[in-house]
Amino acid sequence: MSDPGEVRRARVRIGVGAAVVVLFVGLACAVLFSAFAPKGQSEVVAPGSGATGEAESASAAPSGAAIFVHILGAVAVPGLYELHEGDRAVDAVAAAGGFAEGADQAQLNLARFVTDGEQIVVPVVGAAPPPAPGAVTGGGAVVAGKVNINTADAAALETLPRVGPAMAARIIEWRETNGRFTAVEDLMSVTGVGEKTFDSLKDLVTV
């Protein structure tokens, strides 16, 4: 007949051995998981409704002071639209619902900055584009009004005294690099525009 004490001691030894085996198996699994787990990944946490609202508000914040632009012609919904300083012609077209069918998109420089009070007319294909401010007509006369140095293209700028192709290119380059002119005096920041040139231009241009 077996000794009850010896049986209990045998059971204890078996239990301890099983626990040690389980412990070693667990450690081995942990090491393998650590070795093969992808590195550099972080947990993705969905933002709360408050965080989402703040992000949307920040992205929707205006980029500058409010301005008004009147866009007509071949756009989906012509009319007067509120934009912001620093917006470009592409933003005005987008506000008006995009180009209408038949619009001559090549006649509009979508990259140029728009200014407060400006009127943009998008012609249809085959129609003559509206004259730029200060542009020369077929009779050689200058269209009434001052040349807007923020929106005028090279041809319009070259109608000004002392402004040739090189000077017109420098004016356009300056506003593309620095943003819109805020005052006509900013022209003196353009390379080649000295006091005499500025005096001949200041009454013929506007911002």
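The values are calculated or read from the model by the stated rules, or taken from the named source; none is laboratory data. Quick caveat: nothing in here was measured; it's all calculated off a predicted structure. Note that we place each Cβ from the backbone using ideal geometry, even for glycine, and neighbour counts take in every protein chain shown.
Which count do you get for residues in region 65-97 that are in a loop (DSSP other than H, G, I, E, B) and under 17 Å from the mean Cα position of the chain (by Cα)?
4
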For this session: Output the residue which, of all residues in region 101-126 that are assigned to a strand (DSSP E or B) and among the hydrophobic types (A, V, I, L, M, F, W, C), is surrounded by the fewest Cβ atoms within 10 Å (Cβ to Cβ).
Result: Val124
Exercise. Which pairs do you get when a residue that is within 21 Å of Glu195 (Cβ to Cβ) and without any contact (Cβ under 8 Å) to a residue 24 or more places away in the chain, found in region 162-177, comes within reach of a residue that is assigned to a helix (DSSP H, G or I) and hydrophobic (A, V, I, L, M, F, W, C), reach meaning Cβ atoms under 9 angstrom, with the pair 6+ apart or on two chains?
Worked result: Ala168/Ala154; Ala168/Ala155; Ala168/Ala156; Ala168/Leu157; Ile171/Ala154; Ile171/Leu157; Ile171/Leu187; Trp174/Leu187
Problem set entry | helices (runs of 4 or more DSSP H) wholly inside region 144-207 containing at least 2 residues that are at pLDDT 90 or above and either outside the structural domain of His84 (by TED's automatic domain parsing) or surrounded by 14 or more Cβ atoms within 10 Å (Cβ to Cβ) (or both) | 165-178
Problem set entry | Count of region 176-190 residues which are over 18 Å from Asp87 (Cα atoms) and not hydrophobic (A, V, I, L, M, F, W, C) | 3
Problem set entry | Gly86 vs. criteria surrounded by 10 or more Cβ atoms within 10 Å (Cβ to Cβ), modelled with pLDDT of 50 or more, farther than 22 Å from Gly179 by Cα and assigned by TED's automatic domain parsing to the domain that holds Gln119 | no
Exercise. Is it the case that some residue within region 126-142 is more than 30 Å from Asp186 (Cβ to Cβ), among the hydrophobic types (A, V, I, L, M, F, W, C) and at pLDDT 90 or above?
Worked result: no
Problem set entry | Pair list, Cβ under 7 Å, 6 or more apart: region 87-107 residue closer than 16 Å to Val125 by Cα, other residue assigned to a helix (DSSP H, G or I) | Phe99/Val93; Phe99/Gln105
Exercise. Here are Glu101, Glu118: which of them is touching a strand residue (DSSP E or B) at 6+ places or on another chain (Cβ under 7 Å), of a type in the set (D, E, K, R) and either within 22 Å of Val77 (Cβ to Cβ) or modelled with pLDDT of 90 or more (or both)?
Worked result: Glu118
